[in-house]
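Below is one structure, written out as structure tokens; the observations come after it.
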């Protein structure tokens, strides 16, 4: 029941993420709201990349970021980021569908080349909720601000937006 429940949220939220990424015009990809911030293209790529983490988060008890490799592809065109997102979502779906309810209670940690966790070790279900799902929602919220800041419309994710006519 746990995996089935997570899949329901996964499908619903992947569609919301898809709607958001498809709203990004190429003209906004270079926008950077502050010196410390990512560009819109970098943030969009990170959002797409989170789906690439499902396999190691769901099927490895230790995710070593020092050995993690990811090919972002050409992020100078928004359609390429959406295409990478679609590829990653398909792989994430398989990773989630092949997970078991029992595995959700196994301990999981992320390391950076050693044995000490980057953040406290936790049950896998906590990693799914926090590291995968909530992490993504946080960055989607940032992306909405980026789009608004560049004069672009935002999609209806959890209800009407200011762009929707009453």
(request) Once you've got the GNM for the chain with C-alpha springs shorter than 10 Å, pick whichever of 87, 97, 116 has the biggest mean-square fluctuation. (result) 116
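Taking other Cβ within 10 Å of each residue's Cβ, how do 1, 65 sort, fewest first? Provide the component values of the computation, followed by the final result.
Numbers: 1 6, 65 12.
So the ranking, lowest neighbour count to highest, is 1, 65.
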(request) List 9, 49 from most exposed to least, where exposure is judged by having the fewest other Cβ atoms within 10 Å. (result) 9, 49
(request) Wrap a convex hull around the Cα atoms of segment 14-75, take a quarter of its surface area, and give that in square nanometres. (result) 5.5
(message) Could you tell me how far the Cα centroid of segment 54-85 sits from the Cα centroid of segment 146-166, in Å?
(response) 27
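At 222 nm, what helix-only mean residue ellipticity would the chain give, in deg cm²/dmol to the nearest 500, using -39500 (n - 2.57) for each DSSP H run of four or more?
Working: 6 runs with 77 residues, N = 166.
Only helices count here, giving -14500 deg cm²/dmol.
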(request) Order by neighbour count: 17, 115, fewest other Cβ atoms within 10 Å first, most last. (result) 115, 17
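Roughly how compact is the chain, stated as its Cα Rg over 2.2 N^0.38 Å to two decimals? Please list the in-between numbers first.
Numbers: Rg = 16.6 Å, N = 166, 2.2 N^0.38 = 15.3 Å.
Against the compact-globule rule of thumb, the ratio is 1.08.
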(message) What are the extents of the Cα atoms of segment 53-140 along their three principal axes, in Å, largest first?
(response) 39, 28, 22
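Read-outs: derived from the displayed coordinates by stated rules, not from any lab. Since this is a predicted model, take the numbers as computed values, not measurements. Cβ coordinates were reconstructed from backbone atoms using ideal geometry, including for glycine residues, and neighbour counts include every protein chain displayed.
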